[in-house]
Amino acid sequence: MGSLESGHGIENGSTHMLNPLDPEEFRRQGHMIIDFLADYYKNVEKYPVRSQVEPGYLSTRLPDSAPLDPEPIETIIQDVENHILPGITHWQSPNYFAHFPSSGSIAGFLGEMVSTGLNVVGFNWVSSPAATELESIVMDWFGKMLQLPESFLFSGGGGGVLQGTTCEAILCTLIAARDQVLNQVGRGSIVKLVIYGSDQTHFALQKAARIAGINPENFRAVPTTKSNEYGLAPAALESAILSDLTVGLIPLFVCATVGTTSSTAVDPVGPLCNVAKRYSMWVHIDAAYAGSALICPEFQHFIDGIEGANSFSLNAHKWFFTNLDCCCLWVKDPNALIKALSTNPECLRNKATESNRVVDYKDWQIQLSRRFRAMKLWLVLRSYGIVNLRNLIRSHVDMAKHFEGLVRMDKRFEVVVPRNFAMVCYRVLPSAIGDSLKCCDEKLVNEFNRKLLASVNETGRVYMTHDVIGGVYMIRFAAGATLTDYRHVNLAWSVVQDCTNVMLIKS
């Protein structure tokens, strides 16, 4: 295995063996790739923001089998330019206002390069001590920036780990919570566990529940209302818990969200923790998008009461200029994760682990292998510093405020929900569509706004997405792309107005 056996000669009679990691060839090709990407970022706003291709387009452009002989990097880069870029939706475009940002940076990109270049597999401490120790240090740095309670930091008995995505973070904490209950009642017992979130909670919670073996019917999406700005009301949560208790179900886990996907609504963290504590439930705080803003003191009130939670996560690859993927998860009780997720095969036994003086991150996650994600987060923190990172986030919030002001000045539009961070949810009002339209014509209003969004995105000049909340179809404008400036915000509003004008004339 791993060598050329007799009878399998080298094809084409060649005696030259390829070196896939020749340093000088790596240097030459690496410079070409950097130049290609630098030119891409320089010109990115010239491309249609959302890809305009049709399904299956690439199969008509590429061969139906891999090449037998090597092709030069120059040819490959040209094919990327000609065939791949047309099928890219440009998340780094300054005119990208869809979903949530996937903000990148030079530091994030170079950190990813170093991580990929070193190519270590840091599943336990001994497999690469620096990878583990840097991660622990960086997670305490970041936790202090967020003003997390000491109990969430390694210095206070808790700790942080870098996962790939929010889905992984929620799954790990849900499994830890489940195992704690099963260990208490006995693993042979038949228990019916229930998890809770609002009807705005990310679907990652439902996916995690399925993987963790919790009956999908035992997920409670507690309804939210406009009166509480679509946050999860503590009284509604407790009512759902009490109803489940009466039929013999066991409340297990509640996921509170700071910055929901649909509208960036914020669940009241402290009061929800108080409810959960009465029923011995695990509380996870999902701040995937908005968590990055908490490095700014003016936003930290959104997690008042977090000392009552068990875990907290955010995606640094969303709004913290750390290229995908990089989800930060902090837990109060690392042993809960370790007991639920650890494996100790003979091949991984070592003195460091057995000394109980090191962290083995393989026991804090689902998979065994793990990337050196801490390298890119470390470079971001060091390259920009806390002050600049705060100012970058504040600049995006200010751009969203600017867009919100433009919407409010046009009486044909309304802001549907309050803006908490850097996203504005808006729509064309019924009265602008037709004098005869009243609130009862919501379907027609929703359809008009749906067509408006499609028209905006078809221009290729900007890209936005939508959601429906309280039965209202709304367009989401999320500022946060690294290259975005006020001129791009003004352009986006101009495109919206132009498309609206055309549609109103036709109607």
Self-check item: All positions within segment 380-411 that are in contact with a Phe, Trp or Tyr (Cβ under 8 Å, 6 or more places away or on another chain) and outside any helix (DSSP H, G or I)
Solution: none
Quiz item: Within segment 245-301, how many residues turn out to be over 17 Å from ASP199 (Cα atoms) and either free of Cβ contacts under 8 Å to residues at least 60 places away in the same chain or of a type outside the set (S, T, N, Q) (or both)?
Solution: 31
Quiz item: Does ASP286 satisfy being closer than 29 Å to GLU112 by Cα, surrounded by fewer than 20 Cβ atoms within 10 Å (Cβ to Cβ) and assigned by TED's automatic domain parsing to the domain that holds GLY158?
Solution: no
Quiz prompt | Residues of segment 341-366 classified as among the small types (Gly, Ala, Ser) and either under 28 Å from the mean Cα position of the chain (by Cα) or not assigned by TED's automatic domain parsing to the domain that holds SER155 (or both), total | solution = 1
Exercise. Among what's in segment 333-361 and is part of a helix (DSSP H, G or I) and of a type in the set (Asp, Glu), pick the residue that is surrounded by the most Cβ atoms within 10 Å (Cβ to Cβ).
Key: GLU354
Exercise. Tally the residues that are in contact with a Cys (Cβ under 8 Å, 6 or more places away or on another chain) and assigned to a helix (DSSP H, G or I), restricting the search to segment 250-294.
Key: 1
Quiz item: Consider ASN323 against the criteria (1) crowded, with 20+ Cβ neighbours inside 10 Å; (2) within 24 Å of the chain's Cα centre (by Cα); (3) modelled with pLDDT of 95 or more: it satisfies all of them except one. Which criterion is unmet?
Solution: (3)
Quiz prompt | Lone qualifier among GLU150, GLU112 - being surrounded by fewer than 19 Cβ atoms within 10 Å (Cβ to Cβ) and among the acidic types (Asp, Glu) | solution = GLU150
Quiz item: Would segment 183-196 turn up any residue that is touching a Gly at 6+ places or on another chain (Cβ under 7 Å) and in a helix (DSSP H, G or I)?
Solution: no
Exercise. Any residue in segment 359-372 that's within 20 Å of ALA208 (Cα to Cα): show its pairings with residues that are among the small types (Gly, Ala, Ser) and surrounded by fewer than 19 Cβ atoms within 10 Å (Cβ to Cβ) at Cβ separation under 7 Å, as long as the two are six or more apart or on different chains.
Key: ASP363/SER342
Quiz item: Do the conditions hold for ALA336, that is, is it among the small types (Gly, Ala, Ser) and over 21 Å from the mean Cα position of the chain (by Cα)?
Solution: yes
Practice problem: From (1) out of contact with any Pro (no Cβ under 8 Å at 6 or more places or on another chain); (2) among the small types (Gly, Ala, Ser); (3) surrounded by 14 or more Cβ atoms within 10 Å (Cβ to Cβ), pick out the condition that doesn't hold for GLY56. | Solution: (3)
Quiz prompt | Selection within segment 401-411 - surrounded by 18 or more Cβ atoms within 10 Å (Cβ to Cβ) and out of contact with any helix residue (DSSP H, G or I) (no Cβ under 8 Å at 6 or more places or on another chain) | solution = GLU404
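The values are calculated or read from the model by the stated rules, or taken from the named source; none is laboratory data. Keep in mind that what you see is a predicted model, and the values were worked out from it rather than measured. Neighbour counts run over all protein chains shown; Cβ positions are idealised from the backbone, glycine included.
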